[in-house]
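Working notes, beginning with the structure itself.
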Amino acid sequence: MDLDAPARLSLRSLTNRIFLSAGLILGGIGVAVAAGAANVSLLPAALCGAVIACGNFFLMRKILEKAFSGGGTVNKGFVVQYALKFLGLIGVVYLVVRYGGFDLLGFLLGLSSLFLGALLEALARSFGPNA
């Protein structure tokens with residue numbers, strides 16, 4: 001094993017952690033709704049936010065994989081694709097918040113699944129064998 005080589009980022013593991021965090025958020029909201037501590041309108045809003053977050057990560061991963069597949073050079077279309085993805089994300093979030101009729105708290109909780117998944121992956125890697 002080459003100790004000088006940087007650890008390769010496992011996108012499969014990160015994807016699984018994002019799905020896990022989305023499931024934990026939806027499950028937690030479901031338990032809160034069942035216990036009567038939360039309004040049932042949080043659940044579809046959180047589901048919508050989680051789907052948008054997972055879709056955003058999927059597109060981001062595809063764009064980055066294509067951009068860095070050329071070896072040492074970065075594809076020039078990367079900047080345009082990434083900017084268009086970001087603008088599309090802003091547009092979708094705006095449309096959902098403005099016209100979707102979803103509970104805003106639930107929607108933001110669902111959107112946070114991307115951040116929580118990345119946090120879970122970082123924590124798992126910090127306690128891993130190379131830590």
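All of the numbers you see were taken from the coordinates with simple rules; none came from a lab. These numbers come from a predicted model, not from an experiment. Methodologically, a virtual Cβ is constructed for each residue, glycine included, from the backbone with ideal geometry; neighbour enumeration extends over all protein chains shown.
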### Query
Just for the Cα atoms in the chain, what are the lengths along the principal axes, largest first, rounded to whole Å?
54, 38, 14
### Query
Once the piece of chain linking S13 and K62 is laid out straight, how much longer is it, given 0.36 nm per residue of separation minus the C-alpha distance between them?
16.1 nm
### Task
Could you pull out every whole DSSP H run in the chain that spans at least 30 Å of Cα extent along its own axis and averages 1.0 or higher on the Kyte-Doolittle scale?
11-34, 42-67, 77-99
### Task
In nm, give the distance between the simple-model label positions of L84 and A37, each being 7 Å from the Cα along the Cα-to-Cβ direction.
4.5
